[in-house]
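Below: the structure, in structure tokens.
The values are calculated or read from the model by the stated rules, or taken from the named source; none is laboratory data. This one's a predicted model, so the numbers in the text were calculated from it and none came from an experiment. Positions of Cβ are backbone-derived with ideal geometry, glycine not excepted, and every protein chain shown enters the neighbour counts.
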């Protein structure tokens, strides 16, 4: 009798184990279908347009961080996995970084908002444009990104892009919206800001901001904020 009870208990335990494994497998499959094989997770996409430092090997074999992004511009501190206090918290997937020109001491700000839903993305544009109008001047502008074969020899991102120009005492720069830049099969949407911190003549800093844009993911297909037009 005790043998039968043990056998029955073993079979129940096996069934429960199979159910648990099946549930775990279903969750993994659902996650795979949502993100896609090899598709970056939200934690990576919230930094997608932020130029990041490079990791190199020193002569002694140790790994060193190269914070130089372009010329005299270096990453100041770490990339923050939160929005800048200068702008609204439009998405839970938001990061920002500050860069320093080591010669002029000018500081530059890049903010990356990521969305996985088109409705949230469009609503965020409306909220952001309303905030921008209340805190500064908002207009449309055109930028021509220069050819940089050393950055993207296979797919140069040279060309004219239309952006939303923002000017205020706290920061001035350019906003772009990018829809599905990674794949037309996935719902990925971005709002990105490239600006200089503090009161400044934006035209004096456009070259530096364009360099930072070129060090980002490709802005091909970028457009200005629709609600600011």
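Under the condition of being closer than 19 Å to residue 47 by Cβ and without any contact (Cβ under 8 Å) to a residue 40 or more places away in the chain, which residue from the stretch 160-188 is surrounded by the fewest Cβ atoms within 10 Å (Cβ to Cβ)? Steps first, answer last, please.
To start, the set of residues in the stretch 160-188 that are closer than 19 Å to residue 47 by Cβ comprises 173-183, 186-188.
From what is left, the residues that are without any contact (Cβ under 8 Å) to a residue 40 or more places away in the chain are 174, 180.
Values: 174: 23, 180: 14.
Among those that are closer than 19 Å to residue 47 by Cβ and without any contact (Cβ under 8 Å) to a residue 40 or more places away in the chain, it is 180.
Looking at the stretch 50-67 only, could you name the residues that are in contact (Cβ under 8 Å) with a residue 12 or more places away in the chain and either surrounded by fewer than 13 Cβ atoms within 10 Å (Cβ to Cβ) or outside the structural domain of residue 212 (by TED's automatic domain parsing) (or both)?
Scanning the stretch 50-67 gives 54, 65, 66.
Could you check residue 116 against (1) within 20 Å of residue 182 (Cβ to Cβ); (2) touching a strand residue (DSSP E or B) at 6+ places or on another chain (Cβ under 7 Å); (3) surrounded by fewer than 17 Cβ atoms within 10 Å (Cβ to Cβ) and say which number it fails?
Result: residue 116 passes all but (2).
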